[in-house]
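All remarks here apply to the structure that follows.
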Amino acid sequence: MEENVVLTARGITMTFPGVKALEDVDFTLRRGEIHALMGENGAGKSTLIKCLTGINDFEAGEIHIAGIDGPVKNHSTRDAQNVGISTVYQEVNLCPNLSVAENLFIGREPMTAFHTIDRKSYNKRSQKIMDDLGISVDVTQNLENYSLAIQQMVAIARAVDMDCKVLILDEPTSSLDDEEVEKLFVLMRRLRDQGVGIIFVTHFLEQVYAVCDRITVLRDGHFVGEYPIAELPRVKLVAAMMGKNLDDLEEIGKEHENTAEDKLEISAKGLSHTGTVKPFDLDIHKGEVVGVAGLLGSGRSELARAIYGADKANTGSLEVDGKSVKINQPIDAMNLGMGMLPDDRKAEGIIQDLSVRENMILALQAKQGMFKPLSRAKQEELVDEYIKVLQVKTASKETLVKQLSGGNQQKVILGRWLITQPDFLILDEPTRGIDVGTKAEIQKLILKLAGEGKSILFISSEISEMLRTCSRMAIMRDGEKVNELDHDLTQESVMKAIAGGEQNND
Amino acid sequence: MTKKSFWGRLTESGLLLPIVSLLLVMAVNIVFDIVSGNNPFNFFMITLQHTTSNGNVLYGRIIDVLNRGSEAAILAIGMTLVVSSSAGTDISVGSVMSLCASFCCMLLAGYGVSSTSTLAVPLIVGVLGGILMGALCGTFNGTLVAYFGIQPMVATLILYSAARAIGLLLCNDLIVYVRNGSFAFFGSFLGPIPTPIIITVICIVIMTLLLRKSALGMYIQSVGINPRASRISGLNSKRIIFITYIICGLFAGIAGIVASSRITSADSNNIGLYLEMDAILAVALGGNSLGGGRFNLAGSIIGAYTIQAITTTLYALGVSTTQAPVFKAVIVILIVAMQSEPVKAYMKKRRLAKAAREGGAV
Ligand SMILES: Nc1ncnc2c1ncn2[C@@H]1O[C@H](COP(=O)(O)OP(=O)(O)OP(=O)(O)O)[C@@H](O)[C@H]1O
Ligand SMILES: [Mg+2]
């Protein structure tokens with residue numbers, strides 16, 4: 001083995017029923033490098049990672065690890081840990097009903113002299129780990145009490161705390177905002193300097209250029225190439241991933257026109273949900289795209305959930321289309337023409353064991369009622385249409401949704417809501433885990449919906465994405481709507497408002 | 001779309017293993033009959049036999065399996081839905097059967113009467129009363145599980161232990177006999193065919209139609225797989241779980257009437273005894289995960305008849321009633337092991353290896 005190399009994979013091939021997920025893929029990881037693994041949704045990134053960590057049982061190929069003679073075949077994640085591979089998977093897979101500390105140490109609990117679990121010491125150590133990462137949590141609280149972003153940080157902390165030669169991070173930043181991402185990068189650089197090889201998967205190109213040393217690109221399960229970062233500028237990277245040039249990505253939607261009409265679609269007065277979001281007022285016009293910005297845990301999602309009835313509002317009043325309404329649960333909101341794409345795909349989005357077709361028609365069917373089933377022909381027609389619009393990569397309509405790649409699952413849920421043709425659509429991190437090409441398509445789609453007079457509430461940790469689509473932005477801080485910006489929307493002005501450097505101007 | 005072979009469709013539908021299990025049990029019969037020098041297809045022989053009370057009726061081991069398996073099959077329908085929606089089992093169905101039987105017989109005989117040949121109320125009132133009692137029990141269970149969030153096992157434990165006693169209370173601590181031909185009908189014959197078989201078929205057809213002609217099936221599975229996501233998508237998760245328990249209770253009521261009609265009485269202590277176990281096992285044998293989610297009704301029903309076939313086979317083999325459960329347990333272990341993940345993974349690996357050997361020699 002070449003010197004400095006910690007891990008090589010050669011000729012990895014892996015087939016799922018109906019899908020060749022990987023074919024003859026090579027990958028080489030060196031000591032002390034951060035290596036980006038790039039590719040479109042469904043390219044095979046997560047599959048390759050799962051081959052390395054023993055979750056997938058690949059059919060052909062060999063994996064070698066420095067210091068171990070002969071090919072290594074991991075049969076479980078535990079095997080992988082034993083040979084020094086530590087992983088954060090795309091979907092957070094911790095135990096929501098255990099405490100943060102328990103999640104950090106599960107499977108490797110410190111023991112007392114009496115062979116009982118040393119709770120005191122691990123609570124203390126956990127608190128230190130999280131403090132070092134600059135995350136303020138109470139480690140004795142159950143994990144489910146924290147937002148998805150915090151959960152993601154806990155998963156990262158857990159992986160990082162294990163002694164490892166190889167650290168794999170599969171889209172760890174998808175629900176983090178800039179500040180957390182920066183913390184993670186500091187950590188990654190520190191580990192790199194200690195000689196750890198890091199595999200990093202992300203769909204945020206800036207992040208690749210911020211921390212990575214080298215890039216491997218996959219396309220449709222094939223190895224495209226391995227490049228030092230300096231040799232693969234952004235445009236070339238996108239071209240390598242997509243197999244074609246994407247016409248000026250950055251420009252998409254930048255010059256969008258304001259399609260807002262005078263009539264109000266949504267008018268919330270003093271709406272609140274105890275414990276998550278303080279009373280707020282919000283008006284959304286027909287044909288308007290309103291953004292919600294704020295730090296993690298600032299109540300962005302919670303604001304939307306209070307409108308939609310996902311968390312029933314405790315106070316305040318809501319008018320939809322000029323009429324005063326009462327929403328007790330999501331179906332009430334849906335019957336008023338609303339839809340909500342939630343941010344936590346695994347917990348609140350996909351119905352894992354139902355097919356792509358069933359997942360996509362679920363909301364429309366729920367709206368129609370139990371005794372008015374959509375005919376099979378109608379279902380297939382709708383599903384075919386949206387699979388095409390959203391470019392969902394799936395073996396068939398009857399494939400179980402859990403077998404799709406993360407980004408494609410996200411597209412399915414987006415499709416579920418588009419099929420209901422809502423007048424008011426809440427999109428909470430709609431492009432999470434979605435590749436660059438499709439991201440641009442989705443932004444275009446949002447503008448098109450607005451052009452048709454639909455109203456959209458757009459929540460995202462990526463400010464640039466909102467700038468491209470929104471004409472107005474609500475700013476959240478500590479569960480409170482503190483500001484609203486409707487002109488001079490720039491990265492700086494929004495960041496400033498979020499941080500609280502600007503006086504309220506309402 | 002390519003046309004799938006019959007075999008491909010069968011594997012995909014998840015019915016392959018349940019059917020294989022059932023065939024296996026039948027094969028045991030054939031082997032046994034060959035060994036003992038009988039007609040090898042004794043198990044499948046159906047003859048007409050003359051009875052004094054019912055004229056010519058169908059007779060044979062397979063008819064016996066279908067007939068005796070009726071109650072378990074009917075219960076398995078409801079149990080399948082409950083397991084799917086709530087990832088839990090309704091262990092009260094056996095006791096609820098008994099309560100429904102008692103209530104029905106009490107209505108038909110009149111309170112405090114222990115034996116009658118004339119009906120106190122029209123037959124239909126008694127029968128519907130019994131079935132409604134089942135639905136009422138289902139409502140109780142459903143409320144606890146869906147709206148109070150009590151674990152299904154614990155919630156249904158209440159009626160599991162109380163329902164028989166309530167039945168006895170209704171019957172004034174007596175075994176009520178309803179010796180009336182019209183009531184006996186549900187447990188005897190319609191023409192040459194045992195009525196329980198017909199009732200089971202009707203139940204299956206109604207349920208199948210309901211699942212086909214409404215979105216109930218998808219709702220139940222969706223809620224069973226991910227209740228939170230289902231709610232966000234507009235389903236009333238709690239109400240759907242609640243409904244499955246009512247349906248389960250309703251079918252327990254029907255099974256109770258059949259069981260009671262067979263013996264033209266309400267024998268509180270024996271009707272439906274241990275049948276909840278058979279119903280749960282039927283769901284598992286049918287290839288359904290007891291962890292909820294996707295369900296396969298046909299599988300459960302095949303499972304129910306498989307259990308009955310095992311019992312009937314054992315008796316045919318001359319195994320004594322006291323030892324039969326041991327053999328039954330062994331067979332069930334084999335069948336369940338055959339469907340378990342490690343075995344399935346092993347079989348799949350062998351298939352892939354075989355395919356690779358045959359096709360991969362390039
Ligand atoms: N368990 C599975 N069963 C069947 N097919 C699968 C399974 N897991 C992945 N696939 C398929 O393998 C292909 C590669 O998926 P993978 O998850 O590796 O993509 P990815 O590159 O990680 O994409 P994303 O950026 O969306 O996360 C996809 O076509 C997917 O449908
Ligand atoms: Mg992935």
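Things to note:
- Seen from all directions on average, the stretch A:128-244 presents a Cα convex hull projection of 8.3 nm².
- Checked against a 24 Å cut-off, the cross-linked pairs A:K124/A:K165; A:K236/A:K439; A:K326/A:K411 give Cα-Cα distances beyond that limit for A:K124/A:K165; A:K326/A:K411.
- Top of B:G191, B:G224, B:G299 by mean-square fluctuation, Gaussian network on chain B, Cα under 10 Å: B:G191
- For A:E40, net neighbour charge (Lys/Arg +1, Asp/Glu -1) across residues whose Cβ lies under 14 Å away: +2
- Charge sum, other residues only, whose C-beta stays under 13 Å from B:L317's C-beta, Lys/Arg counted +1 and Asp/Glu -1: +1
- The convex hull drawn around the Cα atoms of the protein assembly as shown, when projected onto a plane and averaged over every direction, covers 43.9 nm².
- For the protein assembly as shown, a crude dipole built from +1 on the beta carbon of Lys and Arg and -1 on the beta carbon of Asp and Glu, taken about the Cα centre, is about 3220 debye to the nearest 20.
- Residues A:M334, A:M111, B:M277, A:M153 in ascending order of nearby Cβ atoms (within 10 Å, fewest first): A:M111, B:M277, A:M334, A:M153.
- In a fully extended conformation the segment linking A:R119 and A:N314 would gain 66.4 nm over its present Cα-Cα distance, using 0.36 nm per residue.
- Gyration tensor (alpha-carbon) shape descriptor, chain B, a/c threshold 1.5: oblate
- With both labels modelled 7 Å from their Cα along Cα-to-Cβ, the A:V389 to B:S214 distance reads 3.0 nm.
- For the stretch A:317-401, the share of alpha carbon pairs falling in successive 10 Å distance bins from zero is 15, 40, 32, 12, 1 percent.
- Here r is the Cβ-Cβ distance between A:E380 and A:K496 and R0 is 51 Å; the resulting FRET efficiency, rounded to 0.05, is 0.55.
- Estimated FRET transfer efficiency (A:R10, B:L16; beta-carbon r; R0 45 Å; 0.05): 0.75
- Relative contact order computed over the stretch B:62-318 (Cα-Cα under 8 Å; 6+ residues apart), in percent: 39
- Distant alpha-carbon pairs in the stretch A:354-421 (separation over 13 angstrom), percent: 57
- Order of B:I301, A:I331 under a 10 Å beta carbon neighbour criterion, fewest first: A:I331, B:I301
- Alpha carbon centroid spacing (whole Å) that separates the stretch B:243-272 from the stretch A:53-126: 51
- By the rule of a C-alpha distance below 25 Å, with chain neighbours fewer than 8 residues away ignored, the lysines paired with A:K323 are A:K263, A:K269, A:K278, A:K286, A:K312, A:K367, A:K454, A:K481.
- Candidate lysines for bridging to A:K372, where Cα separation is under 24 Å - those fewer than 8 sequence places away on the same chain excluded: A:K397, B:K213, B:K238
- Over chain A, relative contact order from alpha-carbon pairs under 8 Å, at least 6 apart, %: 16
- Interchain or long-range residues, amide H under 5 Å from B:T89's placed H: B:M153
- Proportion of all alpha-carbon pairs of the stretch B:10-99 beyond 23 Å (%): 49
- Estimated FRET transfer efficiency when R0 is 41 angstrom, pair A:E206-A:K402 (beta carbons, to 0.05): 0.85
- Taking every C-alpha pair closer than 8 Å and separated by at least 6 residues, the mean separation divided by the residue count of the stretch A:146-301 gives a relative contact order of 15 percent.
- Calculated on the Cα set of chain A, radius of gyration then Dmax: 23.3, 72 Å.
No lab work stands behind these numbers, since they all come straight from the coordinates. Only a predicted model underlies this, so the values are computations on that prediction, with no experimental measurement involved. Here the Cβ is made from the backbone with ideal geometry for all residues, glycine too, and neighbour counts use every protein chain on show.
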